[in-house]
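Engineer: Take a look at this one; I'll ask things after.
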Amino acid sequence: MRNFRMLAAVLAVGAGLISGCSGTPDNGASVSTAPPSSSTGSSPAASATPSPDTETSVPAPAPATSQPSAGPGQGNAELAITVVPSQGAAELDYTLVCASGTPAAESSHPNAAAACAALKANPGILSPTEPGTSRPCTQQYGGPQKATVTGMVDGVAVESSFARSNGCEISAWDAAKDVLGAAGGAS
């Protein structure tokens, strides 16, 4: 019986916390949890900073996008690129650093100018859509090449994998070919 009461208390507290996080109570009516202010003439600007747990009516800023945008970008990138031309072949590792679409001296990419220009024209090429049931892909084989790209493009983290094992992946590879660099026979 004691465990039942403790469980009931924990569930009641959890339900209260969940309902407090589910938006505004009372169908949109705003309820303030801040303590009442005194009417001693102090202005709200002079009051102490609210606790981080105090609810506000100001919405939180939107989170950063998880993928670079399609269309023209700023052309800023810091990327590590690994291309595996075929199974058992040595990896090709590149570093690509771009500032406003221009390659930096520390880039070890075989065609850094073309790669930086491609990223400035469309940073979204490094975030191909995942094939799924709503996107049919031809079942064709484009080669054993695989590649990974990690880093930042226009301030957005990028971690993408590329292959050539079906039509959708071949299309994504072809779109990013300037960034992927030498592909061990794939063009």
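Yes/no per residue for (1) under 13 Å from GLY151 (Cα atoms); (2) assigned to a strand (DSSP E or B); (3) of a type in the set (Asp, Glu):
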position: GLU78; (1), (2), (3): yes, yes, yes
position: ILE81; (1), (2), (3): yes, yes, no
position: VAL97; (1), (2), (3): yes, yes, no
position: HIS109; (1), (2), (3): no, no, no
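Engineer: Out of curiosity, is SER86 more than 12 Å from ASN76 (Cα to Cα), among the small types (Gly, Ala, Ser), open to solvent by 40 Å² or more (accessible area, probe 1.4 Å) and touching a residue at least 40 places away in the same chain (Cβ under 8 Å)?
Structural biologist: The answer is yes for SER86.
Engineer: Follow-up. Scan (1) open to solvent by 80 Å² or more (accessible area, probe 1.4 Å); (2) modelled with pLDDT of 90 or more for the single condition TYR141 breaks and write down its number.
Structural biologist: (2)
Engineer: Of the numbered conditions (1) closer than 17 Å to VAL97 by Cα; (2) without any contact (Cβ under 8 Å) to a residue 60 or more places away in the chain; (3) surrounded by fewer than 21 Cβ atoms within 10 Å (Cβ to Cβ), CYS116 satisfies every one except a single condition; which is it?
Structural biologist: With respect to (1) closer than 17 Å to VAL97 by Cα; (2) without any contact (Cβ under 8 Å) to a residue 60 or more places away in the chain; (3) surrounded by fewer than 21 Cβ atoms within 10 Å (Cβ to Cβ), CYS116 is out only on (3).
Engineer: Just to be sure, is ASP53 assigned to a loop (DSSP other than H, G, I, E, B) and either at pLDDT 95 or above or open to solvent by 80 Å² or more (accessible area, probe 1.4 Å) (or both)?
Structural biologist: yes
The values are calculated or read from the model by the stated rules, or taken from the named source; none is laboratory data. Values in this document were obtained by computation on a predicted structure and should not be read as measured data. Because the Cβ atoms are built from the backbone with ideal geometry, glycine has one as well, and the counts that use them run over all protein chains shown. We work out accessible area using only protein heavy atoms, side chains counted, and drop any ligands, DNA or RNA first. Shrake-Rupley method; radii C 1.70, N 1.55, O 1.52, S 1.80 Å.
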